[in-house]
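Notes follow once the structure below has been shown.
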Amino acid sequence: MPTAGQAHEIGVGQVGACAALLLVVIAISATFKLGLSDQFAIAATRTVLQLLALAAVLDPIFSHNEAYVVLPYIGLMICFAAREASVKPKYCYSGMARDVCAALLVSLGASLGSAACILRFTPWWNAQYVIPIAGMILGNAVSAVNLGLAGFLTGLVESPAQMDALLACGATRFEAVLPSVRAALLTGLTPTINQMSVIGLVSIPGMMTGNVLAGSPPLLAAKYQVTNPGQHVDLYIGIALVYLWNYIHLYPYIALYLSIYPHDLLYA
């Protein structure tokens, strides 16, 4: 049995036992003909391989703990996050991945800066703190940005009647697109708000779970979770910046004829 502050060693057999649960999910998918069996299997395989690769990569990074090692890795995380958030929406436009990447970079920088001030870790690029916090921030942001961005672009292409009517009545382009932005923001942020409402009652969030499993007192673990600014701030900053840059990028094309020629700029 592990003692306080000591992690329990997990064998290959125990890891394999967890994989057996996936067979139940695949069986349910096959029974109801959901067509998700292959996706579940591929996603599970990717998860295992990616986590093993992550462990192999983080070990030397944590050992060196130098800015020239940590910061490029953070940049790589941002690039992967931007790609995942920008390839899933039904519609896209040229330069969308760049806009998402820039938004995530700004929001991540603000959140990590807040974390450094609150948690007071040194040096400010300390891999033990920066990389896990960045992972939580980007994990939340990818899902929120993906949901909101998909709704925003789909609304512009498939339901432009409201925007056309507002433009015809003399609204500015920003005023015309604002309802779509509001709806997309609500779509992207609602899952996070729902998650926040059950924290401590139903779910134990990631940072607190990790600290407890590492042997920290529950009260200290709860304080770390409460003071984690990246849990929520990044979503608001990141999503807002995504829509701001979307608006700037699409500004010349938000006109009455967008509904007639929606694929001049946006394409499936």
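The values are calculated or read from the model by the stated rules, or taken from the named source; none is laboratory data. Treat the numbers as computed from the prediction; the structure is a model and nothing was measured. Cβ sites come from the backbone with ideal geometry, for glycine too, and all protein chains shown count toward neighbours.
Consider the stretch 154-189. How many of its residues are in contact with a Pro (Cβ under 9 Å, 6 or more places away or on another chain) and acidic (Asp, Glu)?
So the count comes out to 1.
Just checking, how many residues over the stretch 73-99 are among the basic types (Lys, Arg) and either touching a His at 6+ places or on another chain (Cβ under 7 Å) or part of a helix (DSSP H, G or I) (or both)?
Matching residues across the stretch 73-99 total 2.
Counting just the residues of the stretch 139-187 that are polar (S, T, N, Q) and in contact with a helix residue (DSSP H, G or I) (Cβ under 8 Å, 6 or more places away or on another chain), which one comes out farthest from residue 105 (Cα to Cα)?
162
Residue-wise test of (1) closer than 30 Å to residue 65 by Cβ; (2) modelled with pLDDT of 80 or more; (3) surrounded by 19 or more Cβ atoms within 10 Å (Cβ to Cβ); (4) of a type outside the set (Asp, Glu).
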position: 108; (1), (2), (3), (4): yes, yes, yes, yes
position: 132; (1), (2), (3), (4): yes, yes, no, yes
position: 135; (1), (2), (3), (4): yes, yes, no, yes
position: 139; (1), (2), (3), (4): yes, yes, no, yes
position: 158; (1), (2), (3), (4): no, no, no, no
position: 161; (1), (2), (3), (4): no, no, no, yes
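State whether the residues of the stretch 53-61 include one that is buried (at least 16 other Cβ atoms within 10 Å of the Cβ) and among the charged types (D, E, K, R).
no
Can we say residue 83 is among the charged types (D, E, K, R), modelled with pLDDT under 90, in the same structural domain as residue 132 (by TED's automatic domain parsing) and within 18 Å of the chain's Cα centre (by Cα)?
Considered against the rule, which asks whether it is among the charged types (D, E, K, R), modelled with pLDDT under 90, in the same structural domain as residue 132 (by TED's automatic domain parsing) and within 18 Å of the chain's Cα centre (by Cα), residue 83 comes out as yes.
Checking the structure you have, find out if any residue of the stretch 40-62 is touching a Lys or Arg at 6+ places or on another chain (Cβ under 8 Å) and either at pLDDT below 85 or part of a helix (DSSP H, G or I) (or both).
We begin by selecting, within the stretch 40-62, every residue touching a Lys or Arg at 6+ places or on another chain (Cβ under 8 Å); these are none.
Looking for residues that are touching a Lys or Arg at 6+ places or on another chain (Cβ under 8 Å) and either at pLDDT below 85 or part of a helix (DSSP H, G or I) (or both), one finds none in the stretch 40-62, hence no.
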